[in-house]
1. Only Cα pairs under 8 Å and at least 6 apart count here; give the relative contact order of the chain as a rounded whole percent.
2. How compact is segment 120-159 by the rule of thumb for globular proteins, expressed as Cα Rg over 2.2 N^0.38 Å?
3. Across segment 85-216, what fraction of all alpha-carbon pairs, as a whole percent, falls in each successive 5 Å bin from zero upward?
4. Work out the length of the dipole vector of the chain about its Cα centre, built from +1 on the beta-carbon of each Lys and Arg and -1 on the beta-carbon of each Asp and Glu, and round it to the nearest 20 debye.
5. Could you calculate the FRET efficiency of Ile153 with Arg80 from 1/(1 + (r/R0)^6), where r is the beta carbon distance between them and R0 is 45 Å, rounded to 0.05?
6. If you plug each phi of segment 130-139 into the Karplus form 6.51 cos²θ - 1.76 cosθ + 1.60 with θ = phi - 60°, what whole-Hz ³J(HN,Hα) values come out, in order, with x for Gly and Pro?
7. Just going by the charge dipole of segment 122-221, with Lys and Arg at +1 and Asp and Glu at -1 on Cβ, which of Tyr155, Pro184, Gln136 is farthest out on the positive end?
8. Show that you can apply the helix-only estimate: for the chain, add -39,500 (n - 2.57) for every DSSP H stretch of four or more residues, divide by all residues, and state [θ] at 222 nm to the nearest 500.
Amino acid sequence: MARDPKLTVAPVGKGNHIVEAGECLASIAHAHGFFWETLWDLPENEELRREREDPNMLLPGDRVMVPPPRAKSADAPVDRRHRFRRRGVPEKLRLRFLDADQQPRAGLVYKLDLAGKVQDGALDDDGYLEVWIPPQEVRARLAFLHPETEQTIDYYELDIGHLPPIDSGEGIAARLANLGLLSPGGDLHAAIADFQREHQLDPSGSLDAPTRAKLREAAGS
């Protein structure tokens, strides 16, 4: 990939947690006993919120303020047995699969393996897979099966949470690669121009505002 210094993004934030590859705000919050909205809305994370816009897409090296856990008390009689349940905080994994003609691969049967826990299902009419997953998961294996023989006909190794911000060269390249427009070693600006032509935009090869918005819409997070 041809690097462009204009697309090099520096880490932001002044918090006490340094973001590592594969982390997002949901996984960081889960690890420290918070909801992600609590951390995202902290005044100390205002710069992070302004620059990144999306809590699911942080850059390795970004800094997130994570305050100490807050103690919570509850009145309960000492002569009885009590059960306390922590609220679940699952995240939704949402993927869309298209064929070579950009048509949805509707109805494909799949098995999704998350840390040894397998979920079965089928893509919906628009080619989407939507499942709830634990926020700390960063790896998954997705296999598509023949509906009659259940033999694997296609599979993907998924890196969850590894998509860099869209303003970075790495983030643009990852999205274009996911859309099938950029191969390893390919020219980034040529791939941007191909994307622009595909979406009736000015094929300048630069990430202008209309291209950025369309790429965010097409590639998701």
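1. Values: 353 pairs, mean separation 44.1, N = 221.
In percent, rounded to a whole number, it is 20.
2. Normalised Rg, Cα atoms only: 1.31.
3. Reading upward from the zero bin: 2, 9, 16, 18, 17, 15, 12, 7, 3, 1, 0.
4. Working: 28 positive and 37 negative charges, 225 e Å.
It works out to roughly 1080 debye.
5. Values: r = 56 Å, r/R0 = 1.24.
The formula returns an efficiency of 0.20 here.
6. 9, 9, 8, 9, x, x, 8, 6, 10, 9
7. Farthest along the dipole direction, towards plus: Pro184.
8. Numbers: 6 runs with 51 residues, N = 221.
After summing the helix terms and dividing by residue count, I get -6500 deg cm²/dmol.
The values are calculated or read from the model by the stated rules, or taken from the named source; none is laboratory data. Because the structure is a prediction, the values reported are computed rather than measured. Cβ: placed from backbone, ideal geometry, glycine included. Neighbour counts: every protein chain shown. Keep in mind that these areas ignore ligands, DNA and RNA; they rest on the heavy atoms of the full protein, side chains included. Shrake-Rupley method; radii C 1.70, N 1.55, O 1.52, S 1.80 Å.
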